[in-house]
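Working notes, beginning with the structure itself.
The values are calculated or read from the model by the stated rules, or taken from the named source; none is laboratory data. Please read all numbers here as calculations on a predicted model, not as lab measurements. Here the Cβ is made from the backbone with ideal geometry for all residues, glycine too, and neighbour counts use every protein chain on show. In case anyone asks, the SASA skips ligands and DNA or RNA and just uses the protein heavy atoms, side chains included. Shrake-Rupley method; radii C 1.70, N 1.55, O 1.52, S 1.80 Å.
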Amino acid sequence: MLRVYTAQLGKYHGADALDITIKSARPEGRPFAPDRWDMVVGVKRGHVSQAAYRAYYRRLMRESYRQHREAWAGLLARDEVTLLCYCARTVPFCHRHILAREILPALGARYCGER
């Protein structure tokens, strides 16, 4: 079973780290990254509600799951992953938490907390 952790990019450098940001994700992390900068900035500035952002990101991940099956299978086959984004550790809401706490557990993973 995949164990999922979360951390702020730049603060964690373990071998299991996976950057899932719109800005800097490598190919293996891109299927899990937001695709619209206006949504990312909008939720951070309070122009987009958390509910709207959650709905957007969940729809995006459903589409990603259909289009990038190999990336999802590769992620789910790991023993452990730490999902990274730029949001500070103290930010309680961001896409890394949606993926780690809601989406991946629905696929059999276990969220183990922030690093």
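Scanning the stretch 84-107 turns up one or more residues that are on the phi < 0 side of the Ramachandran plot, open to solvent by 80 Å² or more (accessible area, probe 1.4 Å) and among the aliphatic types (A, V, I, L, M).
The single residue among ASP79, ASP35 that is within 16 Å of LEU107 (Cα to Cα) and among the acidic types (Asp, Glu) turns out to be ASP79. For the stretch 41-77, residues that are of a type outside the set (Phe, Trp, Tyr) and either farther than 17 Å from LEU2 by Cβ or at pLDDT below 95 (or both) total 21.
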